[in-house]
Amino acid sequence: MHIAITGIGLTSGLGDGPDEHAAKIRAGECQLAPLSGLLGAESDYAELSASWIQRRDLLCSRKWAPASFLSLHVARQAIIDSGLTQDDLRDAAVIVGSSRGNIAGWVSPWPGRRPFGLMAASNSMHGELASAVSIEFGIRGPWQVISSGCAASLDALGMANMMLRQGMVKRAIVIGVELPLMDEVLDVYAQTGVLSSTAVNDPWSPETSGFFPGEAGAALVLESFSNIEEKPDAVSLTGYWCNSDADSPIGMPEDGAGLRELLTKAVADLENEPAITAVCPHASGTLLHGKAELSALHESLPAGDPVSLHPLKPFTGHTVGASGVLDVAILTDFLRKRELPPNLPNLTQPEGFNLSPNDLDPGGSTVLKIAVGMGGHNSAVSLRTPAQA
């Protein structure tokens, strides 16, 4: 069975849609700015750099909660990109990943929003992130919401992959959404000590101290085909793996042992796929995670020419549970053009890896995407680039 990514949609601090994201990434621009620009100068986090969606109208609906409305927006983009009809969508699955779900607009009022009281119970449910898409697009297949921290949307992609391969559905819409830029969420991140305190936007710098939070929504349309020839120009989803560290509720083993085991399994399972050319790491910005992830990569990837690393959080900020699908959507946009995204200039280059994009093999290359969720959860997916005609 061949699983193809046939549609993408995305909105983040970089802009709305794949073209705006690609333009900012090619120009080497990130959109991090002091949160005073969103929360006001009186906020406790006014000086913290973050990345937020500029079009606030995409987050403001009377009927749907802010994150649910964002789910609808990126799902619509991806469906249009895929070319699916209403009949095609009828029996599709809708799988959403989010760390904080619909907390935005529930625990405190959302600026500019006048909600319907009748929708209060629905708006407070994390399940509304998926049910809104089902209802508005007339999709009658299964829907689920997954919350595994920063790995949530990559796990949603994995769940969709399993549904497709088991024959439960022929199509799936996978969504990642996160709106973490509110005092109630930032407070708990600050108490745990994971927010950046040095303003160093470089995941492998010895001065990195934490992450820069960001808002985002992203969506993918997946379709199953009997063979690759039916969608030769599409990026393929070729594998999904996940495991747990069983170690710490807030950190990970210093040697990245759980992630190493996961990646070793992935490399073995990909034996008959094209060689691994590049990795989009989790690279959250916390010092411990940076060291542990690099250790796992060094010990698990095959010997030979170094892979190129493509961390995307330096551009977008850490969009928490949305980051997995957001990164895959950005990667897919570049891989469709048979290229890898450039990195933000002046990042620290880890020993044994390239930060300049590797060349893709004309016959196809494998690209890995990694996500790590707080609580010791590791996930990865593999993508295959389309072969040149």
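Using only DSSP helix segments of four residues or longer, with each worth -39500 (n - 2.57), what per-residue ellipticity at 222 nm results for the chain after dividing by its residue count and rounding to 500? Spell out each step's value before the answer.
On the way: 12 runs with 117 residues, N = 389.
One gets -8500 deg cm²/dmol as the mean residue ellipticity at 222 nm.
Grab the other residues whose beta carbon is less than 13 angstrom from that of HIS298, score K and R as +1, D and E as -1, and report the net. Show your work: numbers first, answer last.
Numbers: positive: ARG260, LYS291; negative: ASP255, GLU293, GLU299, GLU351.
Residues near HIS298 contribute -2 overall.
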- Apply 1/(1 + (r/R0)^6) to the Cβ-Cβ distance of ALA303 and ASN243, taking R0 = 25 Å, and write down the FRET efficiency to the nearest 0.05. 0.60
- Once the dipole of the chain is set up with Lys and Arg at +1 and Asp and Glu at -1 on Cβ about the Cα centre, which of VAL320, ALA246, PRO206 lies farthest towards its positive end? VAL320
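Are there DSSP H segments in the chain that both extend 15 Å or more along their axis (alpha-carbon positions) and score a mean Kyte-Doolittle hydropathy of at least 0.5? List them, or say none.
On the way: long enough: 66-82 (24 Å, 0.61); 152-165 (20 Å, 0.70); 257-269 (18 Å, 0.35); 287-300 (20 Å, -0.04); 323-336 (19 Å, 1.11).
Taking the DSSP H segments of the chain (at least 15 Å long, mean hydropathy at least 0.5), we get 66-82, 152-165, 323-336.
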- What nm distance separates the two modelled labels at LEU288 and ASP44, each placed 7 Å from Cα along Cα→Cβ? 2.2
- Name the residues of region 189-222 whose amide N is less than 17 Å from a point 7 angstrom out from the Cα of SER36 along the C-beta direction? 199
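Coordinate-derived values only; no laboratory data. Nothing here was measured: the structure is a model prediction, and the numbers come from that model. As a convention, Cβ positions derive from the backbone with ideal geometry for all residues, glycine included, and neighbour counts pool all protein chains shown.
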